[in-house]
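A short worksheet on the structure shown next.
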Amino acid sequence: MTNRFSELLPLRPLGDDRFVVTPPGTGFLFGGLSMAAILKCAAATVDPAMTPMSLHATFLSNGDWGGPHDLEVVRVNDSRNFAVRSIHMVTSGRLAIVAEAVFQQREAGVDWQAVQRPDYPAPETLRAFQPERLPFRVIDIRPVFPQPEGTERVHPYWCRTLERLDDPGLLACALAFISDYWVYATPFPSGSGASEGLMSRTFSHTLVFHRPLPADSWWLFDCDPLSVCGGRFLSRGVVQAPDGLLLASFVQEGVIREDKRLNL
């Protein structure tokens, strides 16, 4: 077992902007792992001076955690300030994800944010919590309002990698990995029982990076549903540093359906 996030994404280049990623372990293919692998492969094809600006992924089929996952990157555009990449990820012989990643040469300019720093307890005062469905513990998670893992809202929570990451690229991959945690459960208020007889699944996930990510720091993830209708949900989240600085934001769309497994 590993507690090093950097060991989850062993990347093997095949040439012509094609890669294979074979994470250690077994289990279901977690969407956050897919997004981290996609971002790492896309970043390998751009100028190192470029930093991630946004990542949008559409999930088409399920897969296994360990893969192998075959990724093909298409260089859509390169300019002085931006680089755009299209990525296909194939796992278990099926096209699992279609994604687009945008990178930017950072520029100076006006800096402000509308999101305020919430008055939550410090992460050191909260109890650690490990998602049972993930094969490795590489993230230290501290829910602000602790509860057992289930199908109802867990946000907000503090988290950080157990391993110190100084590489900005790996930090971005770690944030992408964490950003998918429990978003599927946000349509169901904690303790409401609203998820009974239902299941939710992610269809697409969009992540936007706003500011450089501090190394060896806690990140606060919060996410709320904006709409639930027509068998779909849309939730919006933010990622903040301990001082309230807005680091990233994300939007996830998914489907909500009757859980057929209950009728077996």
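A few points about this structure:
- A convex hull fitted to the Cα coordinates of region 179-228 yields 110 cubic angstrom per residue.
- Out of every Cα-Cα pair that region 162-252 contains, those further apart than 22 angstrom amount to 33 percent.
- P(r) weight above 27 Å for region 56-209, C-alpha pairs, percent: 37
- Placing +1 on the Cβ of every Lys and Arg and -1 on the Cβ of every Asp and Glu, with nothing else charged, gives region 64-145 a dipole about its Cα centre of roughly 40 debye.
- Convex hull of region 217-261 built on C-alpha atoms - directionally averaged projected area, nm²: 4.2
- Divide the volume of the convex hull around the Cα atoms of region 25-93 by the residue count and you get 89 Å³ per residue.
- Here region 11-146 is treated as an ellipsoid with the same Cα gyration tensor; its semi-axes, largest first and in whole Å, are 29, 25, 12.
- Pairwise FRET efficiency - Ala108 versus Glu72, Cβ, R0 = 25 Å, nearest 0.05: 0.10
- Exposure proxy for Tyr120, Tyr184: other Cβ atoms within 10 Å of each Cβ, ordered fewest to most, give Tyr120, Tyr184.
- Computed E for Asp16/Gln130 - FRET, C-beta separation, R0 41 angstrom, nearest 0.05: 0.55
- Relative contact order, percent, the chain [alpha-carbon distance under 8 Å, six or more residues apart]: 18
- Normalised size of the chain, defined as Cα radius of gyration per 2.2 N^0.38 Å with N residues, equals 0.98.
- The phi-based Karplus calculation (6.51 cos²θ - 1.76 cosθ + 1.60; θ = phi - 60°) puts the 3J(HN,Hα) values of region 161-166 at 6, 5, 8, 5, 10, 9 Hz, whole numbers, x for Gly and Pro.
Values quoted throughout were computed directly from the atomic coordinates according to the rules given, and no laboratory measurement underlies them. These figures come from a predicted structure and were not determined experimentally. Neighbour counts are summed over all protein chains in view; Cβ atoms, including those assigned to glycine, are modelled from backbone coordinates with ideal geometry.
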